[in-house]
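Only one structure is covered here, and it is reproduced in the block below.
The values are calculated or read from the model by the stated rules, or taken from the named source; none is laboratory data. Just so we're clear, the structure is a prediction, and the values are computed from it rather than from any experiment. Positions of Cβ are generated from backbone atoms using ideal geometry, with glycine treated the same way; all protein chains shown enter the neighbour counts.
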Amino acid sequence: MDVDKTRRQCYKQKLFSFNGTQRRLDCQRRIISGKKQDAIKSFLESDKYSHWLKQTGRTVHPKKVGNCICPCIKEAKPVECACPVCVEFRYLLSAWNEQRKKWHATPCKCPGCTGPRFGEYMAASQSTTHFKQALCCKRQPYPHLKLPHLPGEIPHFYPLRCCAKSDLIPGHVQPCEHCGWARKMYNHHDCVERNYEEAKWKRWKLTNIDGVNERKVLQEHTGTRRELLNTIISR
C-alpha cells in the first residue's frame, strides 16, 4: 500500500462510515497495488492479526475486514499509454467527441446515421475503451493467463487477429474478417461528419522552442471534418 502521490491534500476531520459507525479522521490518501480482496487477504495473513487472534481467541470475517478499510484507500488504476501515438489519438477522439455533438444538432439523414449502427458509432468517440469496444470483436477469456493470487478472476483480452494493424503482431496471425471500421462503422460521403466544413484538433508539430532546439509539441490544427475522421481511421 502506497501514498497516493497524485493528490497532495489530506483528509482533515472527514466523516467516514466504518461498519455502520461514523468517525472523523485525518487521512493521507493511499492506493492499493492490487484489489480490495488482496488487502483483506494481506491483513488476515499478517503478524498483527495473528497476534490479535492469540490474545483474544476471536476471528474476524473477511467481509467485516473489508468494511473497515478506510474509504481514502483506493485501488490503483492502470495508467494509459503515454507514447506520442496514443497521446495524439486520445486528443483526436476528444476533439471528435466534442465537435460532433454540434454536427448532429440537426439529425443527419445519411444511410449510416439512420441505420442500426448509429448508436455504436456515436459511442465510439467517448474514450479509447469505447472506441475499441465499437470496432473490435468482443474480448475473449484466457484462463491460462490467470494470476496465481487471483485464481477466480479470468483475464479477458481482444484477440490478436483484431489488432493485426500493429507491427508487433506475429506474421502468422491473419487479420480479423469480422471487425474493423469498414465492417463495424460506416463511411457515407453525404454524412454530416464527412463534409468539408471546419473542424479542429491537436496534432504533433515540430516547433523551435528556444531558437536553437526543435521538438514536437501538440498544437491545434484546423482542417475539415472529413480530414479529422480520416485521420482517426488511419490510426
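List every residue pair whose Cβ atoms sit under 7 Å apart, with the two residues 6 or more apart in sequence or on different chains, where the first one lies in segment 58-74 and is exposed (fewer than 11 other Cβ atoms within 10 Å of the Cβ) and the second, anywhere, is among the polar types (S, T, N, Q) and assigned to a strand (DSSP E or B).
Nothing qualifies.
Restricting the search to segment 153-178, which residues are of a type in the set (D, E, K, R) and loosely packed, with under 11 Cβ neighbours inside 10 Å?
Of segment 153-178, the ones of a type in the set (D, E, K, R) are 153, 161, 165, 167, 177.
Once the filter is applied, which keeps residues that are of a type in the set (D, E, K, R) and loosely packed, with under 11 Cβ neighbours inside 10 Å, segment 153-178 yields LYS165, ASP167, GLU177.
Tally up the residues in segment 155-177 that are touching a residue at least 12 places away in the same chain (Cβ under 8 Å) and of a type outside the set (Ser, Thr, Tyr), please.
Qualifying residue count, segment 155-177: 13.
Looking for something over 30 Å from PRO107 (Cα atoms), of a type in the set (Asp, Glu), free of Cβ contacts under 8 Å to residues at least 60 places away in the same chain and assigned by TED's automatic domain parsing to the domain that holds ASN97 - is there at least one such residue anywhere in segment 178-200?
No, segment 178-200 contains no residue that is over 30 Å from PRO107 (Cα atoms), of a type in the set (Asp, Glu), free of Cβ contacts under 8 Å to residues at least 60 places away in the same chain and assigned by TED's automatic domain parsing to the domain that holds ASN97.
Condition first: assigned to a strand (DSSP E or B), surrounded by 14 or more Cβ atoms within 10 Å (Cβ to Cβ) and either β-branched (Val, Ile, Thr) or without any contact (Cβ under 8 Å) to a residue 60 or more places away in the chain (or both). Now tell me which residues in segment 201-235 satisfy that.
Of everything in segment 201-235, those that are assigned to a strand (DSSP E or B), surrounded by 14 or more Cβ atoms within 10 Å (Cβ to Cβ) and either β-branched (Val, Ile, Thr) or without any contact (Cβ under 8 Å) to a residue 60 or more places away in the chain (or both) turn out to be HIS221, GLY223, THR224.
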